[in-house]
Amino acid sequence: MIGGLQLRKWALASLLVAASAAHAAAQTQTGTLIFAVESLGGQTLDPILEGRPGNAVYQAVMYDSLVGFDFAKGGVGPGVAERWVLSADGLTWTFHIRPGQIFHNNDPLTAHDVKFSLERQMAPNSLAAAAAVMRRTIKSIDVVDDLTVRVNTSSPQIGLPAGLSRAVAPEGAVMPKNYLEKVGEDEFRRKPIGSGPWRFVRSVPGDRLEFEAVSHAHWRGRPNFKNLHLLLVPEESTRVAMVRTGEAAIASIGPETMLSASRSGLEVLAVPGTMQAIYQFYGTYRPEFKNSPVANPRIRQALSLAIDRQQIIDHIMNGRAKMPFPFATFGYTEFLSHERWDKWAREAFRYDPVMARKILAEEGYPNGFELNFANTALPGTQYMVDIGTAIADMWTKVGVRVKLRHYEWGSFPPLVRGDQPALAGGGSMFRTAGRPDIPWRYNSALNTEGVGERLLGDASTCEASCREYLQIHTDLTAERDPVKRTALTDRMVEVVANTWLVVPIIEGMGYYAINSRRVGEFAAIPGRHELGDVFERMPRADQKPWKK
Amino acid sequence: MLLCLVATIVFFLGRLTGNPVDMILPEDATGEDRAALIKTLGLDGPLHEQYLIFVGHALQGDLGTSIRYRQPAVDAFFSRLPNTLAVIPWALLLAMAVGIPLGVVAALNRGNIIDRLVGTVAVLGVATPSFLLGVLLIFVFSVELGWLPSGRMGGPSHYVLPVITLSAFLVAGFARLVRSSMLEVMDSEFVKLARIKGLSETVVIWKHCLRNALIPVLSLWGVFIGNLVTGAIVTETVFAWPGVGRLTYEAVIFRDFPLLQATIILKAVLILSINLMVDILYAYVDPRIRLT
């Protein structure tokens, strides 16, 4: 009897020891997580000197953003600020800072750091993309107390919190005021300090960035690995080779590599909703193109009907892409009637070459017409060239004679400026990145002034749909009521979708090849191609093996 | 004079094909964002004014600040140059070690199967693109056999594949040059005299013939080293090697004008200096040059 009791005690003690050992193992930060990526941008750790992709890939690991992510659905969620409130007059946003946050030198993160960081992003020497807009829209920033900061704007800025979320832009990165003022900019750039779950260790220009996990609990998650190395490996086949040999745990890849990576035993992760591959038409509203076939919305609709999107998804994207929502909208887009647009897109973006031919004939082009089309691909989306070539072939099948010209991305944006002589009256491939707020993207494509794409009209020619769009966009930027905001967004999407001027082809994804012996199973943030905010959530292979 | 021409061409050619602002800003940036950034980067003046400022600064040794890396472009170049120079001597050495004997063997077996084999190797070496060779080597020696790392700088094993890739083109060059040069020398009077004197064939070929056959090869060293410096762009990209080749590639893709100008001008200086040194060395090795 005594023996049985003792045995049970021993068994219980053993279980407790085993459980605590397992718990300790789970808490231990060991090993090095190695990520091979095609670009490290400017490889600078100063947030005011880097653009969105670089910030999202490597600055995100060591800096927290004022507004963060909704990790499950994608889009905007809590960050350094746990909540934010708009004043009754719509002119002041109050951000409530999460208590207990510290920088890597153990200084507390306060509202003073937030004010300092936003003002630094807006400074004349800042290369931040939104610096000019911030200077224009933000009137002043007040620190109410250590955990409360107010941003006063010159006009209602409903989208301000989204603009300070890393889901949208990098300008919300919070920098350490006291440290930066004490050591100066040059020293800060050599030895940067942030508040993220990884602290900076070393930067080898053109080669790699090294980080070390913080040991304390962090609201983004406590890293499971001790070290994080981000390697710059521009050539995709080399990146995949490194993952296969175990020299790297994860590598960014394109859809064309997915099948071979998968066949060679690697895990392939597809991040949904990171971009839309689109095509668009330029200057169709101008008097000189009044009689051009692409000035006719029905013909533009026929061109969309001639595209077999499923073929593109199956054969170019290897099945790892989706039918798109309307232009610049995704499953996580805020203030949008998703079901309505999902249903609309299924019908509108169907493949119907018979109908396409019928419309062309009805509109006076039974034998088709000649179309100038510029093919290009943004860095990291080389498959867009294949998509552009494929849709040109599909248009040829319904009788359109496509004159296809290829442009390296660096030489393409200047064509969109000014009078667009190389593009007006024709179309081109383009892309839109996955973001939760759409007015910003619509503005760059459809605004009639400035240097955007000006697809609907310009300062001299702005017809009915153009004027309606401009009015909705203006109303939308100031509308606070969520129901009215959704109605306005829906109407804006509808007006633009019916023009068939800017047309989605597929909703793309971000793709990664993964060595399952080097890292455990993890999920990316929907709509977020880059993994800078995900590394701390990645388990080691022994903690969470990949399901076969 | 040549450097001024190179600098001017690079300055205007770079600006013909794009703008760094478009590379920095996202596709949904506004005109206001763009105008502000153009001003911040100092690209808002007329082109001729920008050129005069560039020339003025260049004459003082200042080739501008890299737009992408926010550091003096000259510093960026010289921080990467050692990485490229770490590979080039080994590639040159390997190319000579393989190419010169191949050329000699081909010359000694003129017209027969061995000569044709060497010719085939030479043609393959010249015709195989570096990126293809590099990727093939990675697949065989890193992925399949697991003998060597796939890329990046590191210990001696990291050098093997990039050095082989870089030297492949030169092996072919050396082999063809040495072959033709050897054939010419083997017909000369002093070689016949050496044989009449009763010297062994090995001494005649490897001492008298090869030594003289290498003199014209030396004159092409400058060209070969130039090829290595410029050809490193592809090899460094495939093997993720952080040298000046990849820096140039990044400067072109990003339209980083100051960095592009600096890398091209400094590479031109480097190649001109090497050619000058080779000319001096040539005069030292071949007394006929000094006499003329």
Spatially proximal aspartates and glutamates relative to A:Lys544 (Cα-Cα < 15 Å; intrachain offsets below 8 disregarded): A:Glu267, A:Glu521, A:Glu536
Over 29 Å between alpha carbons, listed pairs A:Lys73/A:Lys397; A:Lys73/A:Lys182; A:Lys115/A:Lys191; A:Lys290/A:Lys403: A:Lys73/A:Lys397; A:Lys73/A:Lys182
Nearest 10 degrees, 0 to 90: helix B:2-16 Cα axis against chain B principal axis: 50 degrees
Cα-Cα P(r), segment A:79-137, percent of pairs per 10 Å interval: 20, 39, 36, 5
For the protein assembly as shown, share of DSSP beta bridges that run antiparallel, in % to the nearest 5: 75 percent
Distance histogram in 20 Å bins (all Cα pairs of chain A, percent per bin): 20, 50, 25, 4, 1, 0
Charged-residue dipole, Cβ positions (Lys, Arg, Asp, Glu), chain B about Cα centre, Debye nearest 20: 1180 debye
Dimensionless Rg/Rh of segment A:52-97 - Kirkwood Rh, Rg from C-alpha atoms: 1.07
R0 of 22 Å, Cβ-Cβ distance A:Ser262-A:Ala72: FRET efficiency to nearest 0.05: 0.30
Mean shadow area of segment A:411-548, taken as a quarter of the surface of its Cα convex hull (nm²): 12.3 nm²
Alpha-carbon Debye profile of chain B, log10 I(q)/I(0) at 0.07, 0.10, 0.11 Å⁻¹: -0.37, -0.69, -0.80
Computed over segment B:169-229, the ratio Rg/Rh where both radii use C-alpha atoms and Rh is Kirkwood: 1.09
Segment B:128-218: radius of gyration and largest Cα-Cα distance (Dmax), Å: 19.6, 56
Per-bin percent of Cα-Cα distances, segment A:116-234 [5 Å]: 2, 9, 15, 19, 20, 17, 10, 6, 2, 0
Sequence of A:Thr474, B:Thr165, A:Thr489 once ranked by neighbouring C-beta atoms within 10 Å, starting from the fewest: A:Thr474, A:Thr489, B:Thr165
Span-rule helices in chain A, defined as complete DSSP H runs reaching 30 Å or more along the axis (Cα) with Kyte mean at least -1.0: A:2-27
Distance-filtered residues of segment A:338-381 - backbone nitrogen under 18 Å, label point 7 angstrom along A:Lys403 Cα→Cβ: A:368-376
HN-Hα J in Hz across segment B:188-205 - Karplus 6.51, -1.76, 1.60, θ = phi - 60°, x for Gly and Pro: 7, 5, 5, 6, 4, 4, 4, 5, 4, 5, x, 5, 5, 4, 4, 5, 4, 6
Globularity index of segment A:273-410, i.e. its alpha-carbon radius of gyration over 2.2 N^0.38 Å: 1.08
For the protein assembly as shown, cysteines whose Cβ has no other cysteine Cβ within reach (under 4.7 Å): B:Cys4, B:Cys209
Ascending count of other beta-carbon atoms within 10 Å, so fewest first, for A:Lys191, B:Lys267: A:Lys191, B:Lys267
Fluctuation leader among B:Leu108, B:Leu52, B:Leu92 - chain B, Gaussian network, Cα springs under 10 angstrom: B:Leu52
Convex hull of segment B:1-153 built on C-alpha atoms - directionally averaged projected area, nm²: 15.3 nm²
Quarter of Cα convex hull surface for segment B:188-292, i.e. mean projection, nm²: 9.6 nm²
Proximal aspartates and glutamates to B:Lys197, defined as alpha-carbon separation beneath 17 angstrom and excluding residues fewer than eight positions away on the same chain: B:Asp187, B:Glu189
Residues B:Val171, B:Val105 arranged by fewest to most Cβ contacts within 10 Å: B:Val105, B:Val171
Rh by Kirkwood over Cα pairs, then Stokes-Einstein D for segment A:264-347 at 0.692 mPa s and 37 °C, µm²/s: 212 µm²/s
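No value in this document is a laboratory result; all are computed from the given coordinates. Only a predicted model underlies this, so the values are computations on that prediction, with no experimental measurement involved. With ideal geometry, Cβ positions are generated from the backbone for all residues, glycine too; neighbour counts draw on all protein chains shown.
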